[in-house]
Amino acid sequence: MLQKINLEDILFLDIETVPEHSDFEELDGAKKELWEQKSQYQRKEDVTAEEFYERAGIWAEFGKIICISVGYFNIKGDHREFRVTTFHGEEAKLLKEFKNLLNSHFNHPKKLLCGHNAKEFDFPYIARRMLIHRIDLPYKLNLFGKKPWEVPHLDTMELWKFGDYKHYTSLKLMANVLGIPSPKQDIDGSMVREVYYKEKDLDRIITYCELDVVTTAQVFLRLRNEELLDDGEIKKV
């Protein structure tokens, strides 16, 4: 039962990713060939590997994380706060900072990580990029040998599926049908690469990422049939 989980034991998170390089031509010969092979089944026949490279950020082998936003509840009596912060900068640095957070505050077995479609994207992407940077995986991301019920991960999209494995629902659609006010976002996921590489506006991406973390927490509250956070309860730290 979701209601039995202590909200303060959950770390809500979202990541934003981009292609590892701004342009296909920056890849070496071997990586270009590997990208052509990796993307051939996703590309239409008239789309070249170079043209398709703008989507490379979806794959951890060809992309990188530019920010990880996290949010957590702080509850004292009737007073409730949801604190949001973001790790950003050079990828290895932000991954180490995120790992330090997990090890220092969310390492206990009862602690959980939660995201939207995070079991398919965010959690494995973070783990793969850590290994690429030769960073030992923190306990919460090291799933080797764990049984399904031992995995300390929650996924709001999976919770909404109710066992229907064919069903995909975006965070925006879930928020809409559950009556959660849509945050004012001036970009969407398809624009992150351009905003990062061409506009060089990481702050704009961070704002977008943090709003998704808040929305994920709001969806989780709705799944527990609890009152939504109001603007005064959301704190940037």
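Any read-out appearing in this document is the output of simple, stated calculations on the displayed coordinates, not a laboratory observation. Model, not experiment: these values are computed from the prediction. Positions of Cβ are generated from backbone atoms using ideal geometry, with glycine treated the same way; all protein chains shown enter the neighbour counts.
Quick notes on this structure:
- Filter result for residue 81 (in contact (Cβ under 8 Å) with a residue 60 or more places away in the chain, in contact with a helix residue (DSSP H, G or I) (Cβ under 7 Å, 6 or more places away or on another chain), of a type outside the set (Gly, Ala, Ser) and farther than 25 Å from residue 151 by Cβ): yes
- Residues (within 20 Å of residue 202 (Cα to Cα), assigned to a strand (DSSP E or B) and of a type in the set (Phe, Trp, Tyr)) located in region 73-119: 87
- Residue in region 219-235 that is nearest to residue 161 (Cα to Cα), counting only those that are part of a helix (DSSP H, G or I) and aliphatic (A, V, I, L, M): 223
- Residue within region 15-38 that is among the aliphatic types (A, V, I, L, M), in a strand (DSSP E or B) and surrounded by 13 or more Cβ atoms within 10 Å (Cβ to Cβ) present: yes
- Given (1) under 26 Å from residue 147 (Cβ atoms); (2) loosely packed, with under 15 Cβ neighbours inside 10 Å; (3) not charged (D, E, K, R), number of the condition residue 118 does not satisfy: (2)
- Count of region 192-228 residues which are farther than 22 Å from residue 89 by Cα and over 20 Å from the mean Cα position of the chain (by Cα): 5
- Among the residues of region 72-95, those that are surrounded by 13 or more Cβ atoms within 10 Å (Cβ to Cβ), over 16 Å from the mean Cα position of the chain (by Cα) and charged (D, E, K, R) comprise 80, 81, 83.
- Residue selected from region 48-71 under the condition touching a helix residue (DSSP H, G or I) at 6+ places or on another chain (Cβ under 7 Å) and hydroxyl-bearing (Ser, Thr, Tyr), by the criterion surrounded by the fewest Cβ atoms within 10 Å (Cβ to Cβ): 53
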